[in-house]
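Here is the structure we will look at, set down as structure tokens.
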Amino acid sequence: MKFLAARRRQPVVALAMLLFALVTVGGLYAAAATVRPAEAAGAASSETQVEMGKQLYLEGCSSCHSLQAQGSANGPTLIGVGAAAVDFQVSTGRMPLAAPGVQSVAGPPQFNEEQTAALAAYVASLAPGPAIPSAEQVDFASADVAEGGVLFRVNCQQCHQAAGQGGALTQGKYAPSLMGATPTQMYEAMITGPESMPVFSDATLPEEDKKAIMAYVDYLQNASDPGGLSLGRLGPVTEGLFLWTAVFGALIAVAVWIGIKAR
Amino acid sequence: MTDISTGSGHGPSENTPAKLGYSPVADIPHRPRVADTDPKAARRAERQVASMFMLSMLFVVLFIVAYIAIDKSATVYVPVFGAVGAMNIALGFTMGVAIFLIGAGAIQWAKKLMPDVEVVQQRHDLVSPTEATKEAAANYERGKEESGFARFKIIRRTLIGAMVLFPIPLVVMLRDLWISPPGNPSPSELLTTTLWEDGTRVVTDATYLPIRPEDIPVGGLVSAAPADLPEVQEAEHDLNARGKAAIILVRMDPAEIVSQQGDGWDYQGILAYSKICTHVGCPIALYEQRTHHLLCPCHQSTFDLSDSGNVIFGPAARRMPQLPIGVDAEGFIVAKAPFAEPVGPSFWERG
């Protein structure tokens, strides 16, 4: 005791106490925060999917989209956006929004499949809207890839680039690469028009055409590069950069070697 | 085989500039190379060059072997490059190495074994010798005298007249670029008119489906064409018709439309604009449904479709032409009039 009493007034002790207090409070809070979704899921499992979705909504979404999903200054209304929009935004990790910016960024999903389905069911229960496509709607096995290529070039490539690599829009916004998109996500994006993307309704781009586009994107996703380096499949820009740096560098090195006098 | 090496084996005296018939450079000391002084080094250099040429031959043989032996569809994993066609890699590598070794061998030969003396090449004025100049002048004077060009005034003048008139037919033919024969549209008319007329039905591009207003939701985008485009294209092989008539349909909340190029040119918030950029004619459908911006990927010209298609950024000088639309008796979207202004990039006669 004497040992402690003698040293408790040292400035180092104060610093150590402060650090201990901060770590304890922060650690408890983090533990509580990670536990909460699991608790919510567990509590809601006995109730209906919509009830569970409502709980998840109130915890994860309502701070921006407001308590009744009518929207606020920070987020648009979700009434009538339908299950498809929710499934797209949540399953691609765009929502819940990590940080405000020119547009939401895709990433690892924050909710698991069951939770995503519950959220979608809750938002769909508010007002009718586009539904999540059925397995049959996204089964492109019998679709025509060549026809899909034509439709992709007419409707999609202006933003997503001819090889589906994505591209720039105005003022820092961008069209994402399609290399990781699932058929369901593609279908949902076409019928809901997330962010800057326009809506491609089933009337002007029928289900068969959508399947053809999915088949074409699937072909792009699995295409090999028999010619060698793909260089991002961006065409002349990266190819030119490669020529001007690597190839011209090699040519300059050879020219220098030619110019050096032999010993 | 040893011509060069024995020659250089005699030492630097063999390679002096004077002996080789060049003017020596006074202020650069000549330093002999190892191959000049050491016969062993010279022979080593000789072997180096010869082996490069031999290796080149070997790679040519390998090229032919690869071409015959490797299966066209076989792929091979190469680090950095990933899975690539085995034949592509083999052919490119062997041919590249073969030609590189020829060049490298030649350079090595020149650097190590050919004479490396510093020499001066004198420059001279670029004039002909005086006698040649005098002779040419005399020839000219004699020709003038003998032809009588100065004497026969009438011949001289008629010749000049004939020469001046000769190019005129070319200019007369150029005339048809701006005045067309009756019945055929002039280039200016061709650039000004499109397939769109009053009542032309709007169909989706590539699939040619007629469109009802309710088919396009708010925020929707449709790349569209005139209904008669397939026939025109089929009958006249007229790809220009497609290029000029391409349009996009977008639908926005009517409250968000700030202005249009004509009163009531929209149909319940559905607007039709040309798809061809007014800068240099790239097709644009890069429409952002939230900002209503239409961005051209070629040079970043940006048009605001909610505000008459005016240019808000980039090099385009003119707004995007709008097509007035309505619906016909069957409820399908149709054009109400042709384009009021020429689509696509500006041209001379447009003013």
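Given (1) under 30 Å from A:Lys261 (Cβ atoms); (2) in contact with a strand residue (DSSP E or B) (Cβ under 8 Å, 6 or more places away or on another chain), identify the lone condition not met by B:Arg43.
(2)
Given the structure, is B:Pro226 at pLDDT 90 or above, surrounded by fewer than 15 Cβ atoms within 10 Å (Cβ to Cβ), assigned by TED's automatic domain parsing to the domain that holds B:Asp307 and within 30 Å of A:Glu188 (Cα to Cα)?
On the way: at pLDDT 90 or above: yes; surrounded by fewer than 15 Cβ atoms within 10 Å (Cβ to Cβ): no; assigned by TED's automatic domain parsing to the domain that holds B:Asp307: yes; within 30 Å of A:Glu188 (Cα to Cα): yes.
When the stated conditions are applied, B:Pro226 does not pass them.
Out of B:Tyr273, B:Tyr287, which single residue is surrounded by 23 or more Cβ atoms within 10 Å (Cβ to Cβ), among the hydroxyl-bearing types (Ser, Thr, Tyr) and more than 8 Å from chain A (Cβ to nearest Cβ)? Spell out the reasoning first.
Details: B:Tyr287 fails: more than 8 Å from chain A (Cβ to nearest Cβ).
Step by step, each of B:Tyr273, B:Tyr287 is checked, and only B:Tyr273 is surrounded by 23 or more Cβ atoms within 10 Å (Cβ to Cβ), among the hydroxyl-bearing types (Ser, Thr, Tyr) and more than 8 Å from chain A (Cβ to nearest Cβ).
With a cut-off of at least 2 residues that are of a type in the set (Gly, Ala, Ser), assigned by TED's automatic domain parsing to the domain that holds B:Ser223 and in contact with a Leu (Cβ under 8 Å, 6 or more places away or on another chain), name the strands (runs of 3 or more DSSP E) lying wholly within region B:258-351.
B:270-274
Restricting the search to region B:136-162, which residues are assigned to a loop (DSSP other than H, G, I, E, B) and surrounded by 10 or more Cβ atoms within 10 Å (Cβ to Cβ)?
Within region B:136-162, B:Gly148, B:Phe149, B:Arg151, B:Phe152 meet the criteria.
Just one of B:Arg251, B:Arg350 is among the basic types (Lys, Arg) and more than 11 Å from chain A (Cβ to nearest Cβ); which is it?
B:Arg350
Against the condition of a type in the set (A, V, I, L, M), in a loop (DSSP other than H, G, I, E, B) and farther than 25 Å from B:Ser346 by Cβ, how does B:Val202 come out, does it pass?
Against the criterion (of a type in the set (A, V, I, L, M), in a loop (DSSP other than H, G, I, E, B) and farther than 25 Å from B:Ser346 by Cβ), B:Val202 does not qualify.
Taking region B:242-263, which residues are touching a helix residue (DSSP H, G or I) at 6+ places or on another chain (Cβ under 9 Å) and surrounded by fewer than 19 Cβ atoms within 10 Å (Cβ to Cβ)?
B:Arg242
Step by step: first the residues of region B:215-234, then only those that are more than 31 Å from the chain's Cα centre (by Cα) and of a type in the set (Gly, Ala, Ser), then the one that is farthest from the other protein chains (Cβ to nearest Cβ). Which residue is that?
Out of the qualifying residues, it is B:Ala227.
Name the single residue, out of those in region B:72-84 being over 18 Å from B:Met95 (Cα atoms) and not in a strand (DSSP E or B), that is nearest to the other protein chains (Cβ to nearest Cβ).
Result: B:Phe81.
Mind telling me which of the residues A:Met197, A:Met179 ends up being within 14 Å of chain B (Cβ to nearest Cβ), under 21 Å from the mean Cα position of the chain (by Cα) and either assigned to a loop (DSSP other than H, G, I, E, B) or of a type in the set (A, V, I, L, M) (or both)?
Sole residue among the options that is within 14 Å of chain B (Cβ to nearest Cβ), under 21 Å from the mean Cα position of the chain (by Cα) and either assigned to a loop (DSSP other than H, G, I, E, B) or of a type in the set (A, V, I, L, M) (or both): A:Met197.
Could you list all residues from region B:106-135 that are more than 30 Å from B:Asp36 (Cβ to Cβ) and surrounded by 11 or more Cβ atoms within 10 Å (Cβ to Cβ)?
B:Thr133, B:Lys134, B:Glu135
Check region B:196-215 and report whether any residue there is among the hydroxyl-bearing types (Ser, Thr, Tyr) and at positive phi.
yes
Within region A:66-86, how many residues turn out to be assigned to a loop (DSSP other than H, G, I, E, B), out of contact with any His (no Cβ under 9 Å at 6 or more places or on another chain) and crowded, with 21+ Cβ neighbours inside 10 Å?
Number of matching residues: 2.
Conditions tested, residue by residue: (1) buried (at least 18 other Cβ atoms within 10 Å of the Cβ); (2) at the interface with chain B (Cβ under 7 Å from one of its Cβ atoms); (3) of a type in the set (A, V, I, L, M, F, W, C); (4) part of a helix (DSSP H, G or I).
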residue: A:Glu188; (1), (2), (3), (4): yes, no, no, yes
residue: A:Ser201; (1), (2), (3), (4): yes, yes, no, no
residue: A:Leu205; (1), (2), (3), (4): yes, no, yes, no
residue: A:Met214; (1), (2), (3), (4): yes, no, yes, yes
residue: A:Leu229; (1), (2), (3), (4): no, yes, yes, no
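If only one of B:Leu209, B:Leu295, B:Leu323 is without any contact (Cβ under 8 Å) to a residue 12 or more places away in the chain, buried (at least 23 other Cβ atoms within 10 Å of the Cβ) and touching a Ser or Thr at 6+ places or on another chain (Cβ under 8 Å), which one is it?
On the way: B:Leu209 fails: buried (at least 23 other Cβ atoms within 10 Å of the Cβ); B:Leu323 fails: without any contact (Cβ under 8 Å) to a residue 12 or more places away in the chain.
Only one candidate passes the filter, namely B:Leu295.
Run A:Thr116 past the list (1) surrounded by fewer than 17 Cβ atoms within 10 Å (Cβ to Cβ); (2) away from chain B (no Cβ under 14 Å); (3) free of Cβ contacts under 8 Å to residues at least 40 places away in the same chain and report the number of the one that doesn't hold.
(1)
Specify the residue that is farthest from A:Met197 (Cα to Cα); the eligible residues are those in region A:150-167 that are within 8 Å of chain B (Cβ to nearest Cβ) and in contact with a Leu (Cβ under 9 Å, 6 or more places away or on another chain).
Going residue by residue through region A:150-167, those that are within 8 Å of chain B (Cβ to nearest Cβ) are A:150-151, A:154-155, A:158-159, A:167.
Now narrow it down to the ones that are in contact with a Leu (Cβ under 9 Å, 6 or more places away or on another chain): A:151, A:155, A:158-159, A:167.
Details: A:Leu151: 16, A:Asn155: 11, A:Gln158: 11, A:Cys159: 9, A:Gly167: 12 Å.
My answer is A:Leu151.
Considering only region A:128-139, I want to know if a residue exists there that is part of a loop (DSSP other than H, G, I, E, B), more than 24 Å from the chain's Cα centre (by Cα) and within 14 Å of another protein chain (Cβ to nearest Cβ).
Checked against the condition, which is being part of a loop (DSSP other than H, G, I, E, B), more than 24 Å from the chain's Cα centre (by Cα) and within 14 Å of another protein chain (Cβ to nearest Cβ), region A:128-139 yields at least one hit.
The values are calculated or read from the model by the stated rules, or taken from the named source; none is laboratory data. Just so you know, these numbers come straight off a predicted model, no measurement behind them. With ideal geometry, Cβ positions are generated from the backbone for all residues, glycine too; neighbour counts draw on all protein chains shown.
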